Amino acid sequence: MNFTLTEDRQMMQDSLRRFLTDRYSAERRGALIAAEAGFDRDIWRDLADLGAVAALFGEDQGGFGGAGFDIALVFEELGRAGALEPMMEALIAGGLLAEMGHGDLVARIIAGELIVTLAYLEPDGRYDLSPRTTRLTEDRLSGHKSLVGHAEAADLFLVTALGPEGVTLALVPRGADGLSLTAYPTADGMRAAELRLDATPANTLLTGALPLLERHIARATLACMADTLGAMETAMALTITHLKTRQQFGRPLGKFQVLQHRMADLAIELEQARSAVINAAGQLGTNQEARHISAAKNLMGRTARLMAEEAIQLHGGIGMTAEYALAHFAKRMVMADHKFGDEDHHLARFIALSAT
Amino acid sequence: MDLTYTAEETAFREEVRAFLAEHLPRDLSEKVRLGRPLSKQDHEAWHSILNGRGWLAGNWPKAFGGAEWTATERHIFEEETTRAHAPRIVPFGLTMLGPVLQHFGTKAQQEHFLPRILNGEHWWCQGYSEPGAGSDLASLKTRAVRDGDDYVVTGQKTWTTLGQYANWIFCLVRTDPTAKAQEGISFLLIDMASPGVTVRPIVLLDGGAEVNEVFFHDVRVPVANLVGEENKGWTYAKFLLTHERTNIAGIGFSNAGLETLKRIAHAERDGAGRLIDNPLFAARLARVEIDLMALSTTNLRILSAAARGQAPGADSSMLKVKGTVIRQEINDLTRRALGPMALPFVSEGLEGANDGIAPDYARPVTAQYFNNRKLSIFGGSNEVQRSIIAKQVLGL
């Protein structure tokens, strides 16, 4: 057992943290969220130059990482900084494309030149990975995909559909015939869209794609949890600073024992969250992967809600304001429960997996 | 002990129900049902309808134009209006200031202000909190200096709910900076059209701007607008807060929220079935409903005791804590119920922009979850309420 980062990973963490601290402030983030694009292309290219995207891919895929700990490291820093760039899209779509042998596209994703996004959710499908209504017939896609991340910025859409040979992954370029987007912001400050396809010409990449999809959604779930962990760390730090500086009843709030104890509980839960993410990262790709992902996602759902609600409460009114940095992190960590299955979804899955 | 309603109470319920069926405008109840924001005109229209029936001020004595309802009658009214998706009554004039003026105001103040609260001419807001005075309200710094027949007021209030609609504000101001914190405070009524008053909205994390900062720069306020005695404002403020708290269990809000939650849980698909059939979700929903059933009775017990002449004191702190925890839990379950569809965040400004993104019922849910984090912060945070319970109820 060894819980220290390797030298390479430590360097990546340090440089990412420095870079993102330098580039992201509450004002900058607010301005990006308010703008149409929803993220900063320059920051995205710089992240790619730093190797943050390459860290998500194995050496055989043109990267230099790709393990659970690499994914966790990168996303923890993005969550800690409240970054908005399309790293999740790069991880999922890039990972799928790499395994399907599209190294040319992956190289451009790693370079920050190409944005590909996975469209897999459907209205009324809740957290189901399997397409229910989107169909692929004679190389044409028809259907409605929900919550497609950073869709407006995407060059290519990787779409799941029911084809003649089961669950199929197909590729569609932006601007394709019969493709339309209804874009909107999401509550965590990101951008997404409903994607509608009407006999849209598509390039089939893989049939019988469900096992591959499940594997990559597991990686994305790990990334989402690490992002939440980072956001929790920032919320914790903001709250400690607030309690040390805010004076009421003639002393800093942090001198009230009842608040000290609540902070101590949060500190304990934060370490639990960190360990759950480490468990999930360490088991990624093993036969224990699914059970550990579900264990961690359930725990993250509980602890992130607690952290968000307590951080707001302990801040008082200022914690409710959009202008103050906490607002973004609180929304980010609560809304993570609505991605890749919530607390209850993963509790049920953990129980089912533990029974076998 | 008898949990059944008397014949009179049942008749009153029927009367309220019939009135709502006839007079509650459909467009208003639809907005409330769907969680859409209400405009100032919406609120005013509903107040006017209730005032026409003499039901706007259920808690006021008849002598002041109120309905003088018992605690049970108020409970029935709240249940029925909630069930019918009527707008809530805006509390600042009716629930907060009204009782203060009735107890501590001069006859002239009562005759001038109370009818204007009822007829909607005055929309009041509350000037209590300041940037440096939140939980520790008594540390407030807004100054009022006597100058002839006026006070000159300078300072800043914050978290002023619906201050953007208000034309009057009741304020706690410091009139004696040398006295102990609670003893140098006075209760002033300020016309917001006075020169030197500025209102600035605060955008909250849900994107809405229902609260404001209110700035006072050398604002002249006639001494006639002082309520009660100078430097006794803290007594009136505490009186007002206990009255505010008699409604703060929010039973009606919770009942309405629970109804919406059940509707969504029946509509949302989960696996092969409906979300309501998911045992984990059903258990969460049942627990909060069980808590609410008990709180509803706690609420009535405390309010009935208050009606028998025991002032609604520290007991109402219990209603505030448990009531807000339950409302927040219902908000939390409602966002969970939506699954991924809790994520789209479409501005209310873009009417119709939600089309084809998520079910109609999904639209307000996430914003409400975040917005209602305020419930455990405002009106005396739940931490302050717990301290009151520990000291005043338990004697610790």
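Considered as an equivalent ellipsoid built on the Cα gyration tensor, the range B:139-195 has semi-axes of 21, 15, 8 Å, the largest given first. Treating r as the C-beta distance of B:Glu121 and A:Gln272 and R0 as 51 Å, the FRET efficiency rounds to 0.35.
Placing unit charges on each Cβ (+1 for Lys and Arg, -1 for Asp and Glu) gives chain B a dipole about its Cα centre, and among B:Leu97, B:Leu172, B:Pro37 the Cα reaching farthest toward its positive end belongs to B:Leu172. Summing +1 for each Lys or Arg and -1 for each Asp or Glu among the other residues whose beta-carbon sits under 9 angstrom from that of A:Ala154 gives -2.
Going by C-beta contacts inside 10 Å, put B:Cys125, A:Cys224 in order with the fewest on the left.
Working: B:Cys125 27, A:Cys224 22.
Neighbour counts put them in this order, fewest first: A:Cys224, B:Cys125.
Take chain A, drop everything but the C-alpha atoms, weight them equally and run the Debye formula without solvent; then report log10 I(q)/I(0) at 0.08, 0.14 Å⁻¹ to two decimals. Debye intensities relative to I(0), on a log10 scale: -0.39, -1.17. For chain A, the longest principal axis of the C-alpha atoms and the axis of helix A:210-245 are separated by about 20°. I want the local charge near A:Leu253. Using Cβ-Cβ distances under 14 Å, sum +1 for each Lys or Arg and -1 for each Asp or Glu among the other residues. It works out to a net charge of +2. Note on chain A: dipole from Cβ charges, positive end direction compared against A:Tyr184, A:Phe3, A:Leu129; the farthest Cα belongs to A:Phe3. Among the GluC sites (Glu not before Pro) found in the range A:1-83, those both in a DSSP coil and sparsely packed, with 16 or fewer other Cβ atoms within 10 Å of their Cβ, are A:Glu36.
For a straight C-alpha distance cut-off of 17 angstrom, the aspartates and glutamates reachable from B:Lys62 (same-chain residues fewer than eight places away being disregarded) are B:Glu73, B:Glu111.
Put a plus charge on the Cβ of each Lys and Arg, a minus charge on the Cβ of each Asp and Glu, and nothing anywhere else: the dipole of the range B:192-247 about its Cα centre is then about 140 debye. Helix A:326-335 axis versus longest C-alpha principal axis of chain A: approximately 50°, rounded to the nearest ten.
Which value at 222 nm does chain A reach when only helices count, each DSSP H run of 4 or more adding -39,500 (n - 2.57), with the total divided by all residues and rounded to the nearest 500 deg cm²/dmol?
Values: 11 runs with 183 residues, N = 356.
Counting only the DSSP helices, I get -17000 deg cm²/dmol.
Between A:Ile351 and A:Gln257, the modelled label-to-label distance comes to 4.0 nm, taking each label 7 Å out from Cα in the direction of the beta carbon. Computed over the protein assembly as shown, the range of Cα coordinates on each principal axis works out to 86, 56, 47 Å, biggest value leading. With neighbour counts taken as other beta-carbon atoms within 10 Å, the residues B:Arg74, B:Arg263 rank, fewest first, as B:Arg263, B:Arg74.
Cross-link partners of A:Lys331 among lysines, defined as those whose alpha carbon lies under 21 angstrom from its own and excluding same-chain residues fewer than eight positions apart: A:Lys297, A:Lys339, B:Lys374. Once the Cα atoms are used to define both axes, helix A:289-315 deviates from the longest principal axis of chain A by about 40 degrees.
Between A:Asp14 and B:Ala11, take the C-beta separation as r, use R0 = 51 Å, and let me know the FRET efficiency to the nearest 0.05. Could the numbers behind the result be given before it?
Working: r = 75 Å, r/R0 = 1.46.
With R0 = 51 Å, the Cβ-Cβ based efficiency is 0.10.
If you bin every alpha carbon distance in chain B into 20 Å steps from zero, what whole percent lands in each bin? Reading the bins upward from 0: 25, 58, 16, 0. Taking the number of Cβ atoms within 10 Å of each Cβ as an exposure proxy, the fewest-first ranking of B:Trp69, A:Trp44, B:Trp124 is B:Trp69, A:Trp44, B:Trp124.
Within the range B:195-291, all pairs of alpha-carbon atoms sorted by distance into 10 Å bins from zero give the percentages 11, 19, 26, 19, 13, 9, 2. At 222 nm, what value in deg cm²/dmol follows for chain B if DSSP H runs of at least 4 each add -39500 (n - 2.57) and the sum is divided by all its residues, to the nearest 500? Theoretical 222 nm ellipticity from helices: -14000 deg cm²/dmol.
Here's the list of lysines a cross-link from B:Lys180 could span, going by alpha-carbon distance under 24 Å and ignoring same-chain residues fewer than 8 apart: A:Lys255, B:Lys141, B:Lys157, B:Lys232, B:Lys238, B:Lys391. The range A:75-138 and the range B:135-212 have Cα centres lying 52 Å from one another.
For A:Ser130 and B:Arg301, the FRET efficiency from 1/(1 + (r/R0)^6), where r spans their Cβ atoms and R0 equals 60 Å, is about 0.70.
With only Lys, Arg, Asp and Glu charged, each at its Cβ (+1 for the first two, -1 for the last two), find how big the charge dipole of the protein assembly as shown is about the Cα centre; round to the nearest 20 debye. Could the numbers behind the result be given before it?
Values: 77 positive and 92 negative charges, 391 e Å.
The dipole magnitude comes to about 1880 debye.
Each value in this text was obtained by applying a stated rule to the coordinates, not by laboratory testing. Worth saying up front: this structure is predicted, and the values here are computed from it rather than measured. As a convention, Cβ positions derive from the backbone with ideal geometry for all residues, glycine included, and neighbour counts pool all protein chains shown.
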